[in-house]
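These notes are about the structure you will find just below.
The values are calculated or read from the model by the stated rules, or taken from the named source; none is laboratory data. Bear in mind that the values here come from a model prediction, so they are computed numbers and not experimental data. For neighbour counting, all protein chains shown are included, and Cβ atoms are generated from backbone atoms with ideal geometry for every residue, glycine included.
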Amino acid sequence: MRTKYLLLMLVPLLVILPASASAVTLVKVEIINTSAPSYESFAVLDPKNGNWIRMTGGNDVQIPSTDFVYNGINSTQYTRGSRIINITTYGISDNQDYTVNYPFATHSVYYSSDTVTAEIFGESGLAGKRAYVYLVKMYPTQLKDALASAVDGDTQPLRDLLSNAEQNITVTLNATGDNGPVSLGQLSPGDYVVVALLNASSEQNITLISVTAFEVLEHTSTLSVSTSVTRSSVDET
């Protein structure tokens, strides 16, 4: 049976600004500062068009078939101090389920001896474009909070997290908008997030291809049972 998760972080992860004429737009967020006139935008590409990150090179763990479901407003405008935030969606109906299926049946877990790699999947309209891949050592909840702040008109927490990334790798997407495994090397134990953007995090307009989290474990564990061990049957009543 397919499981459904109403994720608090789904709203910021579905925020999209068109990256190119051929990119599919789901939601556009515009942030206008009226006190010191400026404009910036935050974007995430539509996962239904194949924009994902898949972690490889570790130990695959089977996961259930998973849906991410958003049900809420499809557009709004509000003010936070001197900032006007406009959010407009495309393809989302007001207060109706918008469902995205997670396309992978496994997720990787790593040990410090493993080489961590990430595959970037983008829609075909991104062919030939650069992708900026950030590796940040942090808890997934930290990224969720930063993305929520960006939707709320403050992109600085997200920019700060990415500016402190342990690695920042630029790759070129191929003819189908994808890129083969990006090696992140062997990592110390901890929680990590990989973020793929279509532009550097310092730019005025940020377009997020996808994001995923993973963990590097400190210790391996094994269980050995002697073949000489026997167990008599026991009746339970």
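Conditions (1) under 30 Å from P64 (Cα atoms); (2) among the hydrophobic types (A, V, I, L, M, F, W, C); (3) touching a His at 6+ places or on another chain (Cβ under 8 Å), marked per residue:
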{"position": "G91", "(1), (2), (3)": "yes, no, no"}
{"position": "T106", "(1), (2), (3)": "yes, no, no"}
{"position": "L135", "(1), (2), (3)": "yes, yes, no"}
{"position": "N164", "(1), (2), (3)": "no, no, no"}
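Exactly one of (1) touching a residue at least 24 places away in the same chain (Cβ under 8 Å); (2) loosely packed, with under 13 Cβ neighbours inside 10 Å; (3) of a type outside the set (F, W, Y) is unmet by T79. Its number?
(1)
Considering only residues that are under 17 Å from the mean Cα position of the chain (by Cα) and closer than 21 Å to P47 by Cβ, look in region 127-141 and name the one that is surrounded by the fewest Cβ atoms within 10 Å (Cβ to Cβ).
Within region 127-141, the first condition is being under 17 Å from the mean Cα position of the chain (by Cα), and the residues that meet it are 131-141.
Checking the rest, the ones that are also closer than 21 Å to P47 by Cβ come to 131-136, 140-141.
On the way: A131: 23, Y132: 21, V133: 21, Y134: 21, L135: 19, V136: 22, P140: 16, T141: 12.
The extreme case among them is T141.
I'd like the residue in region 24-76 that is small (G, A, S) and assigned to a strand (DSSP E or B) and, out of all such residues, is surrounded by the fewest Cβ atoms within 10 Å (Cβ to Cβ).
S38
Residue-wise test of (1) part of a strand (DSSP E or B); (2) closer than 30 Å to S38 by Cβ; (3) β-branched (V, I, T).
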{"residue": "S113", "(1), (2), (3)": "no, no, no"}
{"residue": "Q142", "(1), (2), (3)": "no, yes, no"}
{"residue": "N168", "(1), (2), (3)": "yes, yes, no"}
{"residue": "T176", "(1), (2), (3)": "no, no, yes"}
{"residue": "L184", "(1), (2), (3)": "yes, no, no"}
{"residue": "Y192", "(1), (2), (3)": "yes, no, no"}
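Looking at region 149-201, which of its residues are of a type in the set (A, V, I, L, M) and exposed (fewer than 13 other Cβ atoms within 10 Å of the Cβ)?
Passing the criteria: only A175.
Does Y192 satisfy being under 13 Å from the mean Cα position of the chain (by Cα) and modelled with pLDDT of 90 or more? Even if it seems obvious, please write down each step before you answer.
On the way: under 13 Å from the mean Cα position of the chain (by Cα): yes; modelled with pLDDT of 90 or more: yes.
So Y192 fits the description; yes.
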